[in-house]
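So the structure is just underneath, and the comments pick up after that.
The values are calculated or read from the model by the stated rules, or taken from the named source; none is laboratory data. No experiment lies behind these values; they were computed from the predicted model shown. Every residue, glycine as well, gets a Cβ built from its backbone with ideal geometry; the counts of neighbours run over all protein chains shown.
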Amino acid sequence: MRRGAIWPRRGVLAAGLPLSLGGAGLGLLEHCSVLIELGRAASDVPYLASVLLGAGAVAEFGTAEQRQKWALAAGRGSVVLTAALAEEDGDDPRVPSARAERADGQWVLSGVKTAVDAAPEADLFLVPCASPDGVLVFLVAPTDAGVRVEPQRLTDFASAGRLVLSGVTLGDDRVLAGNGQGAEVADWLVARATVGLCAVQSGVIERALELTAEYAKSRVAFGRPIGSFQAVTQRLADAYVDVEAVRLTM
């Protein structure tokens, strides 16, 4: 991955892929262990969007060709996949406002996805769209005609962007999972995105509490570390309980 070149050599990117794709076949709990550490470091490496959601979904639902072309390459760190889930008028991929209509044997996509993680660097987007056949998830490349990626600046300064689809024409080979499985793919993405984001946030607040406790031991007021004051100790204890509650809930 371009923002973490050492990761492919450590096998981190492919760890969640099946053995048939050169991965270790590890599951969601192992992904969460990685995401917690990313949260602790406040890293902007797009592991959640690209590895867990992007490569994971292609490995789970893709055709043999899609798996070899995209999931395998993502596991090697040579391409960046990302899931485009949120929209400007909603953030539930299971009821997308982006549309896919059938015309002359092709799919024609239109709509806007916003705050797409790693959009400026992405080589492939997983895009849920509403269609006459129900929800379908498409594999959209930034080089496809009618695709525009507009960089966005988020409050955490992570790389993100708006994905604008204007009459993007794709064949059936760009649909991820056929036979009416589009809704299943969308459910899979939502469930793992939710758990993965909770894991990241768990790491963030866990490290924040550690830093606060270290500061309370070193900051001196009235000749004593502020951590020795009862009011500060009580607040730290409450924060510890909250952090443990978030971890257990995740």
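Brief remarks follow.
- Boolean, residue 208 is aliphatic (A, V, I, L, M) and under 17 Å from the mean Cα position of the chain (by Cα): no
- Residue selected from segment 82-126 under the condition part of a strand (DSSP E or B) and out of contact with any strand residue (DSSP E or B) (no Cβ under 7 Å at 6 or more places or on another chain), by the criterion nearest to residue 50 (Cα to Cα): 90
- Scanning segment 128-148 for residues that are in contact (Cβ under 8 Å) with a residue 24 or more places away in the chain and either in contact with a helix residue (DSSP H, G or I) (Cβ under 8 Å, 6 or more places away or on another chain) or over 21 Å from residue 190 (Cα atoms) (or both) yields a total of 14.
- Some residue of segment 155-173 being free of Cβ contacts under 8 Å to residues at least 24 places away in the same chain and surrounded by fewer than 13 Cβ atoms within 10 Å (Cβ to Cβ): yes
- Options 151, 142, 120; residue that is closer than 22 Å to residue 45 by Cβ, surrounded by fewer than 18 Cβ atoms within 10 Å (Cβ to Cβ) and at pLDDT 95 or above: 142
- Residue in segment 127-139 that is over 19 Å from residue 55 (Cβ atoms) and of a type in the set (D, E, K, R) present: yes
- Unmet requirement for residue 70, which otherwise passes all of (1) within 15 Å of the chain's Cα centre (by Cα); (2) of a type in the set (A, V, I, L, M, F, W, C); (3) in a helix (DSSP H, G or I); (4) more than 25 Å from residue 246 (Cα to Cα): (1)
- Cβ-Cβ distances below 7 Å connect the following pairs, each with a first residue in segment 13-38 that is without any contact (Cβ under 8 Å) to a residue 24 or more places away in the chain, a second residue that is of a type in the set (Asp, Glu) and exposed (fewer than 15 other Cβ atoms within 10 Å of the Cβ), and a separation of six or more residues or different chains: 15/30.
- Selection from segment 39-60 of residues that are part of a loop (DSSP other than H, G, I, E, B), in contact with a Ser or Thr (Cβ under 8 Å, 6 or more places away or on another chain) and either β-branched (Val, Ile, Thr) or surrounded by fewer than 24 Cβ atoms within 10 Å (Cβ to Cβ) (or both): 44
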